[in-house]
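First up is the structure itself, then whatever we jot down about it.
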Amino acid sequence: MTALNLLMSDVPINVTLPDEAENRYIDLSQKKISNCVGCFGCWVKTPGKCVIRDDAVSIYPLIAQSSKVIYVSKICYGSYDIVMKTMLERALPVQQAFIRLYQGETHHFQRNVAEKEAVIIAYGDLSEESRELFQRLIARNSKNMVFKKWEIFFVSENEVENTVQREVDKWKK
């Protein structure tokens, strides 16, 4: 499995990725991603593959393979906004139905998921309460999303592209 660097955003952003083939950018706002219907077909009928045929089926394998991820998302009520949350929920096929004890808690086994260094660039509702809720959400999700290291940047909408470019520039070899 080739390690990738993945930039996934809920809005179009104008950044320059380093030229290496392992760098990918996905603008979720331009993709057709349906809601997970909770059928668990990806666990029992077609293990590791979602039964819904839309753009998500080509994205969640990239999430699994990525060793470095940058998620850009508007924050709404202390959580990812709709398009990012929907995509992350649709990444369920990278997990298995089986449970394990991980850092003293029960979590699902993963299907060939690379450990990740994650950067989350959050914009939008940046009230103190939303920031605290979002930080707790990321801390909890980090165990299921296999984040070995993560950092959150809370920025205004005007700062998104510059912050993303600064973080993407760190991918250069």
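The values are calculated or read from the model by the stated rules, or taken from the named source; none is laboratory data. These figures come from a predicted structure and were not determined experimentally. Every residue, glycine among them, receives a Cβ derived from its backbone with ideal geometry; neighbour counts consider all protein chains shown. Areas reflect the complete protein model, heavy atoms only, side chains present, ligands, DNA and RNA absent. Shrake-Rupley method; radii C 1.70, N 1.55, O 1.52, S 1.80 Å.
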Point to revise | Solvent exposure of the stretch 93-171 as accessible area per residue, Å², 1.4 Å probe | key: 57
**Study point:** Which of His108, Ile26, Ser58, positive extreme of dipole for the chain (C-beta unit charges)
**Key:** His108
Check your understanding: How many nm separate the modelled label positions at Arg53 and Glu20, each set 7 Å beyond the Cα in the direction of the Cβ?
Key -> 3.6
Review point. Among 119-129, 139-149, 43-53, what's the highest-first ranking by average C-beta atoms within 10 angstrom per residue?
Key: 119-129, 139-149, 43-53
Study note, to complete from the structure: Across the chain, qualifying lysine pairs (alpha carbons under 16 Å, at least 8 places apart or different chains) come out at 15
Exercise for review: Report, in cubic angstrom per residue, the convex hull volume of the C-alpha atoms of the stretch 1-96.
Suggested key: 107
Study note, to complete from the structure: Here the equivalent ellipsoid of the stretch 84-173, derived from its Cα gyration tensor, has semi-axes (largest first, whole Å) of 26, 17, 12
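Equivalent-ellipsoid semi-axes (√(5λ), Cα gyration tensor) for the chain, whole Å, largest first?
Those come to 25, 19, 17 Å.
How high is the relative contact order of the chain, in percent, counting Cα pairs under 8 Å that sit 6 or more residues apart?
25
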